[in-house]
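Values quoted throughout were computed directly from the atomic coordinates according to the rules given, and no laboratory measurement underlies them. Not measured: the values here are computed from a predicted model. Quick reminder, even Gly has a Cβ in these numbers, built from the backbone with ideal geometry, and neighbours come from all protein chains shown.
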Amino acid sequence: MNSHYVVKIPEELWGTRKEDAVGTVVDVYVNPGDTVKEGDILVDVEIEKAILSIESPITGTVIEVHVKKNDQVIPGSKLVTLKPE
């Protein structure tokens, strides 16, 4: 059983235009080793001129951050890997 949870860019953020969807990471608020609570903001992403905050769906510890500021992301891109508390 996998004990890690991977937070990804939700595909529904782009609606029906997924084929040409690209977003940009505006800010990353966590680092490996950080403890986060459910609802904490992990990453801000700009999509079609709107800034969207990606929240932690669980309480746990950041194992890996897969993106950095100014990275381009697409639907389903990995953002952060968490180890549940």
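Just a few scattered comments:
- Remark: the chain carries a charge dipole of roughly 160 debye about the Cα centre, counting +1 on each Lys and Arg Cβ and -1 on each Asp and Glu Cβ.
- Under a 5 Å amide H cut-off, with hydrogens placed 1.01 Å from N, Ser77 pairs with Ile9 among residues at least 5 apart or on other chains.
- Computed on the chain, with alpha-carbon pairs under 8 angstrom and 6+ residues apart, the relative contact order is 41 percent.
- Recomputing semi-axes √(5λ) of the Cα gyration tensor in Å from the coordinates shown identifies the correct label among (1) 26, 14, 10; (2) 43, 18, 11; (3) 22, 13, 11 as (3).
- When you restrict to C-alpha pairs under 8 Å that are six or more residues apart and normalise by the size of the stretch 44-85, the relative contact order lands at 39 percent.
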